[in-house]
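The values are calculated or read from the model by the stated rules, or taken from the named source; none is laboratory data. This structure is a prediction, so every number in the text was calculated from the model and none was measured. Cβ placement follows ideal geometry from the backbone for every residue including glycine, while neighbour counts extend to all protein chains displayed.
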Amino acid sequence: MKKSFLLTVAFALFLLSCVSFRKLDFYKVKLGMTKEEVSNALQASPENMIGSKQYADGLMEVQQYHYISGKDIYYWLFFWNGKLVKYETPELRGRNNFDSSKDEMDKVYEGMVRNK
């Protein structure tokens, strides 16, 4: 009896640990996708909205997705008028929080304007 109970508890803990690891397949994500298309491709909703900023010719929004695989990895997705224009992992650039979302959005916007 005690052995079967311990096996049941161990199995339940195993299942819970599997659920908590959410792998995001960014190979399915393409620039130009809508927010809904990105969510469908990743089979996940964004963890949160980092920020948004209205410009004269459109709206920039930044969503955060969280990837767990032994290490927490955050992805920031930049949407211009609802279309994905950039995504990045801030840890690779030496940042681990979004201190100045408006500055970061301005950089993306300026890059888009220069490339027109």
Quick one: what pairs do we get from region 65-90, first residue under 18 Å from Gln43 (Cα atoms), second surrounded by fewer than 15 Cβ atoms within 10 Å (Cβ to Cβ) and aromatic (Phe, Trp, Tyr), C-beta under 6 Å, 6+ apart or different chains?
-> Ile68/Phe21
Taking Leu42, is it modelled with pLDDT of 95 or more and not small (Gly, Ala, Ser)?
-> no
Restricting region 90-116 to residues that are surrounded by 15 or more Cβ atoms within 10 Å (Cβ to Cβ) and at pLDDT 70 or above, the one farthest from the chain's Cα centre (by Cα) turns out to be Met112
